[in-house]
Amino acid sequence: MKPAPFAYVRPASLEDAIAALDEHGEDSRILAGGQSLMATLNMRLSAPEILVDIGRVPDLAGIEETDAGLRIGAMTRHAEVEASDLVASRAPLIASAMPHIAHPAVRNCGTFGGSIALADPAAELPACAVALGARMTIAGKGGTRTVDADAFFRGLYETALEPGEVLTAVEVPGIGAGWKSGFMELARRHGDYAMIGLAAHVEVQDGRFGQGRLVFFGVGERPVCAVRSAALLDGESWSDALGDRIADALKEELDPSEDLNADAPMRRHLAGVLARRVLAPLAA
Amino acid sequence: MDSTVEIGLRVNGERATRRIEARMNLVDFLREELGLTGSHVGCEHGVCGACTVRVDGRIVRGCLMLAAQADGADVWTIEGLSDTGEIRDLQEAFVERNALQCGYCTPGMLLTLAELRERNPAASRQEIREFISGNYCRCTGYEAIVDAFEMARQRQGGPS
Amino acid sequence: MTDLIADRWLLDRPNSYIGRSVPRPNAPRLAEGRGAFVDDIETGGRTGHAAFVRSPHAHARIGSIDAEAARAAPGVIAVVTGRELAEIHDPWVGVLSHLQGLKSAPQYALPLETATWQGEAVVAVVAESRARAEDAVELVKIDWEVLPAVTDAETALDPATTVIHESLGDNLAWRRNADFGDIEAAYAEADHIVEETYVFARHTGVCVEPRAILADWNPGEGQLTVWHNNQCPHMVQNILATHFRLDEHRVRVIARDVGGSFGIKVHTYADELATVGLSLLLKRPVKFVADRLESFLSDIHARDQRVQGKVAVKDDGTILAFEIDALSGIGPYSMYPRTSGIESNQIVNLTGGPYAFDHYRAQATVVFQNKNMMCQYRAVGHPVKCAVTEGLVDAAARATGMDPAEIRRRNLRADDSYPCKSAQGLPFENLSHQESLAKLLDAMDYDALKAERDALRTEGVYRGIGLASFIEVTNPSAMFYGVGGARISAQDGATMRLDARGNVFVATGATEQGQGMEAVISQVAATAVGVPPERLKIVTGDTEHTPYGGGTWASRAAGIGGEAVAQAGRALRQQILRAAAVMLQEEAENLDIRGGVVVERASGAERIGLDEVGRVCYYRPDTLPDGFQSELVATRHYVPRQYPFAFTNGAQASYLEVDVETGFISLLDHWCIEDCGTVINPQLVDEQIRGGIVQGLGGALWEQCVYDSDGQMLNANMADYLVPMAAELPDMRCGHVVSPTFESDLGAKGVGEAGTCGAPAAVMNALNDALAPFAARLTDMPFTPQKVLRALGKI
């Protein structure tokens, strides 16, 4: 199980990386942490002609506070995000998702941006990004642009990234007063991709919910923001009856896919279970 | 396009320079180019953890990292950590508690536990289990491995 | 029971190492990463690396093969088809005469006309590296004619279903019917007849070291050397010689470190024989190491049984009869040389085993299908027969309103009833079901646990307790395979030699795959001779340096290989004492060896060191009397003869919790009481049990080779085939009852499969106990969250 042959370049600057991607077009792939890409290369599910390793491009890694909130560099390793006090205090949703991402050795290599750019529909971070309204900073030949998480994740492993572009950072907005988040996922084994998961970010004032986002992963081709179900929260305090209404609404709203671990009815059912288990403590 | 690369790195404290195929992953490089066969190949898709090695102070999957990515890095394998004695207490506990049977997963398991004790020396049994949950062992059922970690820790004066 | 063999000389030896947790001599080397697994072996720059073009179809005729581009690819040494390889080898047929009526078709190293499962190796590529061989594999073009795939065992025998091997006439590999006692009379007498169907998924072994072979044919010497991670080097030697038309003494098979086997590495794999053929054709070393994706599609699969079971019980809980009807699909061929009928045969032979009942009827049907081949994997048939039996016993308990522990107490064979025969006529020598169950209930504090379960139920927490008693086949005699014509040795040999410095060399036909054989051998050898284990050198796994033996399978290595070592060690001790007696002008009977020193038997006073005995015998024989020639090497062989198998027994229990909203199951606790006779090394025994339990838990909760209706395996990778990992497992508590076998001086039975045998049954019964308040019941393994939710009516 060895990869097909490829060439390898390790640009020393973002400009060089973009130039290399531009030169080789669709024959090239960005190598970030490699924790997903390498497996697909080894299995020959993917056979690019050249890998552009952005591991040594300066300034792509690191976590910093900005006026708008938090900036997480695309090449920041999962382990660093997991251990970050800044993330724990400014983006607790992300902090609570980190231990669920694979296993320690993978988190040491895998990158925050790599997970976002891969856009695996069962992955934790894309859902967190959508729930928090994160913005993606993207560099390309023409300069830099930003894309909202909602618009970034387009479909199955499909994002707003154009050929030749590099995701450089994710900006997580500051958390408004009274907003709380909750995270839960169900996986057959610790560290496996989730059968289904929920990243919730909601406003709670005096025990009553306000606005909020319930973003499910593992239920479709991209993170799914259950807008209609979340709207039921507005103005309500927690009760079992509210939980039932949300669970019913989720069954209507979600159109999950099927895989070896769970069929669509099971995922619809579990969405309601997760919503109850995540939301009830938030209202307390 | 040239599908080879020249790399130079330190492995177990010794310098190694080679021109290799760019597609060669780190564990194959260690095994085939340097003869360090203590790191094992179990799945080649990042699940089993048998190829776990230490790169710049942190454990990685040797099958999910290109040797080219380790250019300039400081790499340690089971052979090196055995020679320095850094994990001798863990190894002795593994032998005494029979925390290894066939021994194929053991080098990766030991490197993972060595990192655990740096990061969370007082880990509970469940935390130990979760930390090694990316290292597959078909023989032991894992309990003896958890015991061995605790045994080594206790001998160093840590919690039992 | 009284000891039928008075001579327990071995267990009575002074300074005995038997019964002590002596560390394994080979463990430090493995803990330092300094093992020698097949892929670690260097044979120099001429080694060719094999990769295979594997069939993408479950069933397809092989049309023209265009290998031109592959042959021209960089680094390629050869591209070889089945027809080319067939020139130099003879096919094999996986049948045994004692499985009457079992049939199979001739199998070649690479198929000649038809590929019969997805993943079957069809064309071989040898290149200077594995990566380049894989590059060339992608360039081979095969003109496939896709044929209908036979996948569902239930319809494999329907007239409308394609026949996989036309020469066989149908897809029936084997059918066995068994009828003991008078089952209809039992049904007439019974107050309740409970019927239930149990399903066991296809599993595979997932040894963390994949199958690997390195074959080196030296035409100048006429010698084939094969490094192979196999459990049975002598069996492989015979097979390679037979099918490649070589003299057996010109074939050397070396099995050094083996990264787990569990029965996976005990079979004749076509791609491995192809690798040997490639070395013969190319006259150079050729290595093949299966990658993980290949492993899932070509390592044998196992279980895959659907069993309809019936139990007849009286109101007072007396079990009168069991009946089963088992169906299994085994893939397109019966595996060679052990056959793919044994799992079903074991189920027929062993169902109901722990219980005293007289009436039994069974049918087992084994069919061909276009899926990967099935054969023996750890605890062959045992998890199936145990779960069926114990599921039915629990069903009988429900029907009679009896506690699961109580119905077992009433029906388990009495501990003073041995020797006796099972309902199927199999002889039991010395078992301890009642004591094992009692110890189990005590260890788990059964009544308190039930009270806890009941209290938590009122709080909406659903926990369950499951019990399972079991028997295990160990120490197989020649009745297992040899009698059916297989050249698989049931006997084992040991050679022991005193070296000049007083150390002892031990070569054994038993092999090590991690279970701790070297430690067990060293303990027995050290005890039998009278030396500390550190003065021993153990050699295993090399047909050129070990006595002829069977290797490791069916939990035989300690009981049979160990007994051969005991006898060889005793013989060597007597040889040493004869020499020492001459030197000391003493009677040999008055001497013994303790701690590596010849001592006076009565007083223990030291007389002469073994190093001195060695020095004199080897370097200064001139100082010994005329007419005395020292002999300081002994070989002994052993095979059980009185009993076809040494049955062991035990009981397990599981305690678990079901999240009734998500269907997730949490394993909270697990207990096993086991009786493997003499316990040579308590720690190794317990670790065999724990590792075995976890493989059983895997089958109960996670593991399944999922196929679609076209015969494509859908989860043939480690991300999707779920093996048990550390975070989901409980700690396991082990205990023992000791009922030695009287057949050997050592008294040891096997223990390798007990854990795997009982764990699925215990989990199934615990799960159903947890689900009891909902009238939900599950008997279809693995018990996935989705199945639990369905049973609960949540989805």
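The values are calculated or read from the model by the stated rules, or taken from the named source; none is laboratory data. From a predicted model like this one, the values you see are computed outputs, not experimental measurements. For neighbour counting, all protein chains shown are included, and Cβ atoms are generated from backbone atoms with ideal geometry for every residue, glycine included.
General observations
- C:VAL506 vs. criteria surrounded by 24 or more Cβ atoms within 10 Å (Cβ to Cβ), among the β-branched types (Val, Ile, Thr) and either part of a strand (DSSP E or B) or within 18 Å of the chain's Cα centre (by Cα) (or both): yes
- Within segment A:21-39, the only residue that satisfies the criterion of being in a helix (DSSP H, G or I), buried (at least 19 other Cβ atoms within 10 Å of the Cβ) and more than 11 Å from chain B (Cβ to nearest Cβ) is A:LEU21.
- Looking across segment C:327-366, the residues that are assigned to a loop (DSSP other than H, G, I, E, B) and of a type in the set (A, V, I, L, M, F, W, C) come down to C:ILE330, C:MET335, C:ALA356, C:PHE357.
- Residue within segment C:376-393 that is outside any strand (DSSP E or B), more than 24 Å from the chain's Cα centre (by Cα), buried (at least 22 other Cβ atoms within 10 Å of the Cβ) and among the aliphatic types (A, V, I, L, M) present: yes
- Filter result for A:ALA271 (surrounded by fewer than 19 Cβ atoms within 10 Å (Cβ to Cβ), touching a helix residue (DSSP H, G or I) at 6+ places or on another chain (Cβ under 8 Å) and either within 13 Å of chain C (Cβ to nearest Cβ) or part of a loop (DSSP other than H, G, I, E, B) (or both)): no
- When C:SER279, C:SER295 are checked against the criterion of being within 14 Å of chain B (Cβ to nearest Cβ) and part of a helix (DSSP H, G or I), C:SER295 stands alone in meeting it.
- Of the residues making up segment B:23-38, those that are in a loop (DSSP other than H, G, I, E, B), more than 7 Å from chain C (Cβ to nearest Cβ) and in contact (Cβ under 8 Å) with a residue 40 or more places away in the chain are B:MET24, B:LEU36.
- For segment C:633-699, the strands (runs of 3 or more DSSP E) that sit wholly inside it and include 1 or more residues that are of a type in the set (Gly, Ala, Ser) and not assigned by TED's automatic domain parsing to the domain that holds C:GLN523 are C:646-658, C:665-675.
- Index of the failed condition, C:VAL473 passing every other in (1) among the β-branched types (Val, Ile, Thr); (2) within 27 Å of C:THR741 (Cβ to Cβ); (3) in a helix (DSSP H, G or I): (3)
- Some residue of segment B:115-135 being of a type outside the set (S, T, N, Q), surrounded by fewer than 19 Cβ atoms within 10 Å (Cβ to Cβ), touching a residue at least 60 places away in the same chain (Cβ under 8 Å) and within 9 Å of chain C (Cβ to nearest Cβ): no
- Among the helices (runs of 4 or more DSSP H) confined to segment A:40-108, the ones with at least 3 residues that are without any contact (Cβ under 8 Å) to a residue 60 or more places away in the chain are located at A:78-83, A:85-90.
- Selection status of C:ASP291, farther than 21 Å from C:SER469 by Cβ, acidic (Asp, Glu) and surrounded by fewer than 24 Cβ atoms within 10 Å (Cβ to Cβ): yes
- Conditions (1) aliphatic (A, V, I, L, M); (2) within 8 Å of chain C (Cβ to nearest Cβ); (3) in contact (Cβ under 8 Å) with a residue 24 or more places away in the chain; (4) part of a helix (DSSP H, G or I): number failed by B:LEU100: (4)
- Scanning segment C:472-503 for residues that are crowded, with 24+ Cβ neighbours inside 10 Å and closer than 14 Å to C:VAL633 by Cα yields C:GLY493, C:ALA494, C:MET496, C:LEU498.
- Filtered residues of segment A:242-263 (kept if farther than 15 Å from A:ALA226 by Cα, within 13 Å of chain C (Cβ to nearest Cβ) and surrounded by 15 or more Cβ atoms within 10 Å (Cβ to Cβ)): A:ASP259, A:LEU260, A:ASN261, A:ALA262, A:ASP263
- Qualifying positions in segment B:12-22 - within 13 Å of chain C (Cβ to nearest Cβ) and touching a residue at least 60 places away in the same chain (Cβ under 8 Å): B:ASN12
- Look at segment B:39-64: where a residue is more than 12 Å from chain C (Cβ to nearest Cβ) and a partner is among the hydrophobic types (A, V, I, L, M, F, W, C) and assigned to a strand (DSSP E or B), sitting 6+ places away or on another chain with Cβ atoms under 6 Å, you get B:ARG54/B:TRP76; B:VAL55/B:VAL75; B:GLY62/B:VAL53.
- Residues within segment A:40-50 that are surrounded by 19 or more Cβ atoms within 10 Å (Cβ to Cβ), farther than 11 Å from A:MET1 by Cβ and more than 7 Å from chain B (Cβ to nearest Cβ), tallied: 1
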